[in-house]
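Structure record follows, encoded as structure tokens.
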Amino acid sequence: MKKQVVLLLLLLLPAIAFGQAKKHAQTAPDQECSECHAAQSAAWESGKHGLMNVKCVVCHGSPEENYIPKPDTSRCIGCHASEVADLSKKKAPSEKTCAPCHDRHTLAVKTVPKTPFHSQGGQKP
């Protein structure tokens with residue numbers, strides 16, 4: 001019985017979470033993110049990802065279709081699979097995001113730990 005309840009919860013929780021997804025405000029087809037999000041766009045464009053021409057939709061999705069206001073690490077796997085794997089294995093569920101250590105838009109490290117997390121294979125110092 002306990003296993004059935006856990007299985008049911010595992011099946012229902014994603015459906016509940018996706019059902020409550022936030023919608024992005026209506027935008028014009030040719031509207032740029034920077035028109036409303038100037039500060040975030042400037043921070044992004046000055047960071048490594050912006051300089052490599054990675055656009056907002058890579059992390060946040062399309063405003064019309066699959067918008068995610070606070071993306072999780074599933075959006076990072078394409079280029080950063082080993083870092084996401086380190087994070088998934090070693091951090092607590094509430095820490096399985098880049099935001100505790102990295103700025104949300106520049107992705108610069110917020111503080112420099114004595115032993116960088118990723119250079120140690122995801123081991124906590």
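The values are calculated or read from the model by the stated rules, or taken from the named source; none is laboratory data. Because the structure is a prediction, the values reported are computed rather than measured. Note that each Cβ is placed from the backbone with ideal geometry, even for glycine, and that neighbours are counted across all protein chains shown.
Got a sec? Which of ALA17, ALA39 is loosely packed, with under 10 Cβ neighbours inside 10 Å and either within 24 Å of CYS79 (Cβ to Cβ) or modelled with pLDDT of 65 or more (or both)? Break it down into steps so the answer makes sense when it comes.
Details: ALA17 fails: either within 24 Å of CYS79 (Cβ to Cβ) or modelled with pLDDT of 65 or more (or both).
Result of the check over ALA17, ALA39: ALA39.
If the requirement is being at pLDDT below 90 and in contact with a Ser or Thr (Cβ under 8 Å, 6 or more places away or on another chain), which of these qualifies: CYS101, CYS33? Talk me through it step by step, then tell me what you get.
Values: CYS33 fails: at pLDDT below 90.
Result: CYS101 is the single residue among CYS101, CYS33 that is at pLDDT below 90 and in contact with a Ser or Thr (Cβ under 8 Å, 6 or more places away or on another chain).
Looking at ILE68 and the list (1) modelled with pLDDT of 85 or more; (2) in a loop (DSSP other than H, G, I, E, B); (3) out of contact with any helix residue (DSSP H, G or I) (no Cβ under 8 Å at 6 or more places or on another chain), which single condition is not satisfied?
The single condition ILE68 does not satisfy is (3).
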